[in-house]
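A.B. asks: Starting off with a structure, shown below.
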Amino acid sequence: MTEVPQVTIGEVVEGRVTGITKFGAFVKLVNGRDGLVHISEIANEFVADINQFVTVGDTVKVKVIGLNTKLNKFDLSIKQTLEDAKKPIDKVKMRPILKRSENSMFEDKLSSFLKKSEEKQNDLRRQMKVKQGTIKKRKP
């Protein structure tokens, strides 16, 4: 009899893609057990269509990141096995998402919105107090 290898959490193993859904890919591991690679663990980029990255029958390297005890299946990741995921982030290459000019425009719009919102809230509070009779109307 051949011995079935045991798979532990954190280990990188090979498996064959057995099915693809809109939320992930099902993979059969070397020990015969099944696992799911969630769509967020497919690649280091946004994944709109899993079929662009894997197809049924592909042999892929996956990292075991957990065990779903309810379904008795492994949680897997292809993304964590890629070399790019293991490289440290180069802070020099990182750039801010918004430039200062765009950021200041946003802050101006936000402060204007907050000011108008506060004025409307104060008017509503004043009207409610008048209706409730806690404040008397001013005589002109």
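The values are calculated or read from the model by the stated rules, or taken from the named source; none is laboratory data. Being a predicted model, the structure only gives us computed values, none of them experimental. FYI the Cβ positions are ideal-geometry reconstructions off the backbone, even for glycines, and counts take in every protein chain you see.
A.B. asks: Name the single residue that is nearest to GLN52 (Cα to Cα) among those in region 28-40 being in contact with an Asp or Glu (Cβ under 7 Å, 6 or more places away or on another chain) and either buried (at least 20 other Cβ atoms within 10 Å of the Cβ) or touching a residue at least 40 places away in the same chain (Cβ under 8 Å) (or both).
C.D. replies: Only one residue tops the list, namely LEU36.
A.B. asks: Count, please, the residues in region 91-140 that happen to be of a type in the set (Lys, Arg), more than 29 Å from the chain's Cα centre (by Cα) and either part of a helix (DSSP H, G or I) or modelled with pLDDT of 85 or more (or both).
C.D. replies: Number of matching residues: 7.
A.B. asks: Any chance you could count how many residues in region 43-68 are touching a strand residue (DSSP E or B) at 6+ places or on another chain (Cβ under 7 Å), part of a loop (DSSP other than H, G, I, E, B) and either basic (Lys, Arg) or buried (at least 16 other Cβ atoms within 10 Å of the Cβ) (or both)?
C.D. replies: Summing the residues that are touching a strand residue (DSSP E or B) at 6+ places or on another chain (Cβ under 7 Å), part of a loop (DSSP other than H, G, I, E, B) and either basic (Lys, Arg) or buried (at least 16 other Cβ atoms within 10 Å of the Cβ) (or both) in region 43-68 gives 1.
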